[in-house]
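Here the structure comes first, spelled out in structure tokens, and everything after it is commentary.
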Amino acid sequence: MEAIYYVMAWACHRKCRHCYEDRFRPYVRGQLEAVVAEAEANFPRIIANLPPTLTYLDQNAPNPDGTLPVRHGRIVLSGGESLLDAVRERVTYRVIEQLAAKYPLARIVVQTTGDLVTPEIVRDLVARGVWMVSISGMDDFHVGMEGADKQEAIRAGLTATMEAQGLRASTTAAKNPLWHQEAGPVFSFFGATPDAWIGKLWPRGRAWENGLSTAGMADNFCARWSGGLNFLDHRYAGSEVSIEPDGSVYPCCVKTRLPIGNLIEEQLMDVLDSLVGDPVYEAINAGKPERMGLAFGWSVEAFREKSRTTTPEGKPYANLCIGCDRFHEEVLAPVIAAARTRRMGKSMA
């Protein structure tokens, strides 16, 4: 598999209005302990159920004899905020250490909004084997980051901090097929802008509640990197899945309405292989969510009609993610349950 996106814990120090997940927010006292304890208890089992090797075949650059070179993949560790004091020592550092031991040649990326980064933390991350520190808060949506001047000042300060610890600015985007050639440790910046990252914003979480998504029917998040595209083709470049703190696994970062499995109980490869050939997930794998209901009597036209709704503000809205949600709610739950039952039966046998 080329990439795994692992949300380790829900705790964050912000409650940004554009966030795709309303569980990312500040927690205090007992609530904070609960979300950290969940992450701490679950990560060893999640890591144990990841593939034994994190490698993939690169069909984008075949060898002269036609064979495909083997590349080492990457795993992105995120939150919430992965560098919060309550999370960093008990979860983030320990996850990095276990992943570095399991995948010594894989690229480990730590994603952070950036304002908690210190020279000591950067040294700790690099010493544990982190390949990239990825700063995700460079936009007007993140609280305290508003304005180009402020963002440039924060960027300059973080650049100086990173470079002082021996990191270089990354020159390769995550979706660039040549990313694996870049030697670490490196750092990068990104943010939620109209031309980068999630573009018009996913119809999810607080972004949806606050009426911030302007995505239309032509904006197919499924067919993009970090969408469902190629998630089943785990032997090859382009495959990625997303994991939540409770072990739930999804074919995309946007997250389908229901998970496809849970890594507390079952192995990731078993989950993916059980869905190969299933017309619903093959449609997602092809980046064609409008076809996911064909085997259940949902025509493409019907799916597109189900993709229409109104925003919380009462405005008309249409996006394929809405149709995907409704298909999960109205049709797919028993199909997912049956696939899980088959997997668990094979495991017991």
**Asked** How big is the range 253-300 on each of its three principal axes, counting only the C-alpha atoms and giving the largest first in Å?
**Response** 35, 22, 17
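Ordering SER82, SER226 by accessible area with a probe of 1.4 Å, largest first, what comes out? The partial results should precede the final answer.
Values: SER82 0, SER226 25 Å².
Sorted descending by solvent-accessible area, the residues read SER226, SER82.
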**Request:** For the range 253-349, build the charge dipole from Cβ charges (+1 Lys, Arg; -1 Asp, Glu) around the Cα centre, then report which of THR341, VAL271, ILE260 sits farthest towards its positive end.
**Result:** ILE260
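So, for the range 185-315, what is the accessible surface per residue at a probe of 1.4 Å, expressed in square angstrom?
40 Å²
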**Complete:** One point scatterer per Cα, no solvent, Debye formula: log10 I(q)/I(0) for the range 277-349 at q = 0.24, 0.28 Å⁻¹ comes out as -1.04, -1.24
**Item:** From phi via Karplus (6.51, -1.76, 1.60), per-residue ³J(HN,Hα) for the range 52-68 in Hz, x at Gly/Pro
**Value:** x, 10, 9, 10, 8, 8, 9, 6, 7, 9, x, 5, x, 8, x, 6, 9
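Rounded to the nearest 0.05, what FRET efficiency do THR172 and ALA127 give with R0 = 25 Å and r taken as the Cβ-Cβ distance? Could you check?
0.60
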**Fill in**
Given a Förster distance of 25 Å, the FRET efficiency implied by the Cβ-Cβ spacing of ALA295 and ASP270, rounded to the nearest 0.05, works out to 0.65
**Prompt:** Pick from GLY277, GLY261, GLY227: which residue has the top mean-square fluctuation in a GNM of the chain where Cα pairs under 10 Å get a spring?
**Reply:** GLY277
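Quick one: dipole size for the range 178-294, taken about the Cα centre, charges +1 on Lys/Arg Cβ and -1 on Asp/Glu Cβ, in debye to the nearest 20. Walk me through the intermediate numbers first.
Details: 9 positive and 15 negative charges, 97 e Å.
Result for the range 178-294 is approximately 460 debye, rounded to the nearest 20.
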**Item:** the range 203-258 pair-distance distribution - Cα-Cα, 10 Å bins, rounded %
**Value:** 23, 45, 27, 5
**Message:** Need one number: nm distance between label points at LEU57 and GLU120, each 7 Å from Cα along Cα→Cβ, rounded to one decimal.
**Reply:** 4.9 nm
**the chain: antiparallel DSSP beta bridges as a percent of all, rounded to 5** = 30 percent
**Prompt:** Does anything in the range 303-347 have its amide N under 12 Å from the 7 Å Cα→Cβ label point of GLU209, and if so which residues?
**Reply:** none
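Ignoring everything except DSSP H segments at least 4 long, calculate the 222 nm mean residue ellipticity for the chain; use -39,500 (n - 2.57) per segment, divide by total residues, nearest 500. Before the final figure, lay out the partial values.
On the way: 10 runs with 107 residues, N = 349.
For the chain, the value works out to -9000 deg cm²/dmol.
Taking the square root of 5 times each eigenvalue of the Cα gyration tensor, what semi-axes in Å does the equivalent ellipsoid of the range 145-260 have, largest first? Write down the numbers at each step before the final one.
Numbers: eigenvalues 153, 94, 37 Å².
With the √(5λ) rule applied to the range 145-260, the semi-axes are 28, 22, 14 Å.
Using the Kirkwood formula on the Cα atoms of the chain, what hydrodynamic radius do you get, in angstrom to one decimal?
Numbers: mean 1/r = 0.0477 Å⁻¹.
Every distinct Cα pair counted, the radius reaches 21.0 Å.
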**Message:** At 1.4 Å probe size, with the rest of the protein present, what percent of the exposed accessible area of the range 118-242 is carbon and sulfur atoms?
**Reply:** 54 percent
**Asked** Hey, could you pull the Cα Rg and Dmax for the range 116-168, both in Å?
**Response** 11.9, 34
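Semi-axes of the equivalent ellipsoid for the range 1-109, please: Cα gyration tensor eigenvalues, times 5, square-rooted, ordered largest first, whole Å. The partial results should precede the final answer.
Working: eigenvalues 216, 49, 18 Å².
Semi-axis lengths for the range 1-109 are 33, 16, 10 Å.
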**Request:** Beta carbons within 10 angstrom, averaged per residue: use that to sort the peptides 149-160, 123-134, highest first.
**Result:** 123-134, 149-160
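Pop the C-beta distance of ALA37 and GLN98 into the FRET formula with R0 = 25 Å and round what comes out to the nearest 0.05. Intermediate results must be reported in sequence, preceding the final value.
Values: r = 18 Å, r/R0 = 0.70.
Result of the calculation: an efficiency of 0.90.
The values are calculated or read from the model by the stated rules, or taken from the named source; none is laboratory data. As the structure is a computational prediction, the values presented were derived from the model and not from experiment. Reconstructed Cβ throughout: ideal geometry from the backbone, glycine too, with neighbour counts over all protein chains shown. When the accessible area is computed, the model is the full protein with side chains, heavy atoms only, and any ligands, DNA or RNA have been set aside. Shrake-Rupley method; radii C 1.70, N 1.55, O 1.52, S 1.80 Å.
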